[in-house]
Amino acid sequence: MALQAASLLPHSISIRKNGKSNASLRETTFSGISTSNHPAGEFSNYLIRSKEFRRRELPLGAIRAQTATVDPAIDQTTTEGKKTARKGNVIITGASSGLGLATAKALAETGEWHVIMACRNFLKAERAAKSFGITKENYTVLHLDLASLDSVRQFVDNFHRLGRPLDVLVCNAAVYQPTAKEPSFTAEGFELSVGTNHLGHFLLARLLLDDMKQSDYQSKRLIIVGSITGNTNTLAGNVPPKANLGDLRGLAAGLAGLNSSSMIDGGEFDGAKAYKDSKVCNMLTMQEFHRRYHEETGIAFASLYPGCIATTGLFREHIPLFRLLFPPFQKYITKGYVSEEEAGKRLAQVASDPSLTKSGVYWSWNKNSASFENQLSKEASDAEKARRLWEISEKLVGLA
Ligand SMILES: NC(=O)c1ccc[n+]([C@@H]2O[C@H](COP(=O)([O-])OP(=O)(O)OC[C@H]3O[C@@H](n4cnc5c(N)ncnc54)[C@H](OP(=O)(O)O)[C@@H]3O)[C@@H](O)[C@H]2O)c1
């Protein structure tokens, strides 16, 4: 089983039809790694260099003093009737491991955030929070299985019972099934990757939008984690199978895989492609949210590529040789590796840094670990496709 890899190329490369590329030298990326006997098992990787996380420039003293006294969920009002700063409330899906857990830790340890860890495995999430030293007053675990729309609705009800405002929502959880030969399905019968990564989050974000509208927090944000693998304007995004939503005929037919296709474009099932397609949906959804709601609500909608976090559970279903070689390959050969801790700080930055409030942006980090607004691929920035995806998705999740 040969390991194919890696040519050093700039990150902002655009692949043109004639095979030529135009490269800017803002960031460096490596091409993918793949196992030769399993084309669908290829996964791309990217060079990200580390740098210290820029901490929020907020009046920490004032916020800490506040959190020591009363319930952080409730706005404090001075005798003059002026609101004082309060702890932010952030929901992070998939906070039981990997990027979500690292982000939960990065936000919680500032003392300025209460993190609602929205996880399908309650005990795992509790243990993870404890082992990461997240202190009790800074987090709550709530059950959420994104592969069940009933569970999403139940989660929203349970969140409302907490009586907390919602200031930031981070849609982070994902499944990736690169070696699956057959599709598996969510409770409602949607192909699992798109059903979980896109449709579950779509319903969640739509149901929680009113809560965010009502929040009086100084900077409200809705973040949907994207990926370079869905962006075919990069070399990594050109590693087969490439993301392609086609004319959305499979999605419109319900992704049920019975008499219709389980793939968004109506094609044959491919687990790696289904994941990449779901990430395109995530990035399109963020932009459609921005177009529909940013002006009216002031909420900043954003997506990001956190870097190649080669050690996370995302690769758990990959073949053993890939899992063995992928992290050292990223660390020592491509140097494209980014640690879970560093990636968590990046996502925490998008959630909370006062300099990243712009809406409609897909954030990435350059070799100096400085954030920049990245270009999405043609498909991942197709406004008409985003509109149709929105309309079909709201029918599938029962909102229209
Ligand atoms: N790793 C990378 O190189 C990379 C690169 C670009 C983007 N990303 C993105 O980063 C995000 C986090 O991935 P990761 O690398 O941190 O992987 P991970 O460690 O596997 O984390 C995924 C999380 O999603 C949760 N999850 C899966 N299915 C769920 C469901 N049905 N309901 C609720 N939660 C569910 C998992 O819960 P359990 O703990 O119960 O399994 C886990 O907490 C994903 O959106 C991924 O696309 C990752």
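What follows is calculated from the coordinates using simple rules that are stated; it is not laboratory data. All values reported here derive from a predicted model rather than from experimental measurement. As a convention, Cβ positions derive from the backbone with ideal geometry for all residues, glycine included, and neighbour counts pool all protein chains shown.
Have a look at Asn172, Trp390, Tyr337 and report the one farthest towards the positive end of the charge dipole of the range 88-397, computed about the Cα centre with Cβ charges (Lys/Arg +1, Asp/Glu -1).
Tyr337
List every residue whose amide H lies under 5 Å from the amide H of Ala173, counting only residues 5 or more places away in sequence or on a different chain, with H placed 1.01 Å from N in the peptide plane.
Counting only residues 5 or more places away or on other chains, the set is Thr93, Gly94.
What shape does the range 88-397 have by the C-alpha gyration tensor, where a ≥ b ≥ c are the square roots of the eigenvalues, rounded means a/c under 1.5, and otherwise prolate means a/b greater than b/c and oblate the rest?
Here the range 88-397 falls in the rounded category.
Checking the a/c ratio against 1.5 first, then a/b against b/c, what shape does the Cα gyration tensor give for the range 103-215?
Oblate.
Collect residues whose amide H, placed 1.01 Å from N in the peptide plane, falls under 5 Å from the amide H of Gly88; neighbours closer than 5 in sequence don't count.
When sequence neighbours closer than 5 places are left aside, the close amide H contacts are Trp113, His114.
In whole Hz, with x marking every Gly and Pro, tabulate ³J(HN,Hα) for the range 372-380 from phi via Karplus 6.51 cos²θ - 1.76 cosθ + 1.60, θ = phi - 60°.
These are the phi-based 3J(HN,Hα) values: 8, 7, 8, 8, 8, 5, 4, 5, 6 Hz.
Could you compute the FRET efficiency for His143 and Glu295, with r as their C-beta to C-beta distance and R0 at 45 Å, rounded to 0.05?
E between His143 and Glu295, to the nearest 0.05, is 0.85.
Which whole-Hz ³J(HN,Hα) couplings does the range 176-185 yield from phi under the Karplus relation 6.51 cos²θ - 1.76 cosθ + 1.60, θ = phi - 60°, glycine and proline marked x?
9, 10, x, 9, 5, 8, 10, x, 10, 9
Using the Karplus equation 6.51 cos²θ - 1.76 cosθ + 1.60 (θ = phi - 60°), what ³J(HN,Hα) coupling, rounded to whole Hz, does each residue of the range 208-222 give in order, writing x for Gly and Pro?
9, 4, 5, 4, 5, 4, 6, 5, 9, 5, 5, 8, 9, 9, 10
Contour minus end-to-end for Thr357 and Gln375, with contour as 0.36 nm per residue of separation and end-to-end as the Cα-Cα distance?
Between Thr357 and Gln375, full extension yields 4.7 nm more.
Over the range 88-397, what relative contact order in percent results from Cα pairs under 8 Å that are six or more residues apart?
Computed over the range 88-397, the figure is 20 percent.
Quickly work out the Leu258-to-Ala187 label distance, labels modelled 7 Å from Cα along the C-beta direction, and quote it in nm with one decimal.
Placing both labels 7 Å beyond Cα along the Cβ direction yields 1.9 nm.
With point charges of +1 on the Cβ of Lys and Arg and -1 on the Cβ of Asp and Glu, referenced to the Cα centre of the range 88-397, which listed residue (Ser219, Leu99, Gly266) lies farthest in the positive direction of the dipole?
Positive-most Cα among the choices belongs to Leu99.
Quick one: which residues, 5 or more positions from Thr140 or on another chain, have an amide H under 5 Å from its amide H? H modelled 1.01 Å from N in the peptide plane, none for Pro or chain starts.
Here the answer is Val115, Ile116, Met117, since their amide H atoms fall under 5 Å of that of Thr140.
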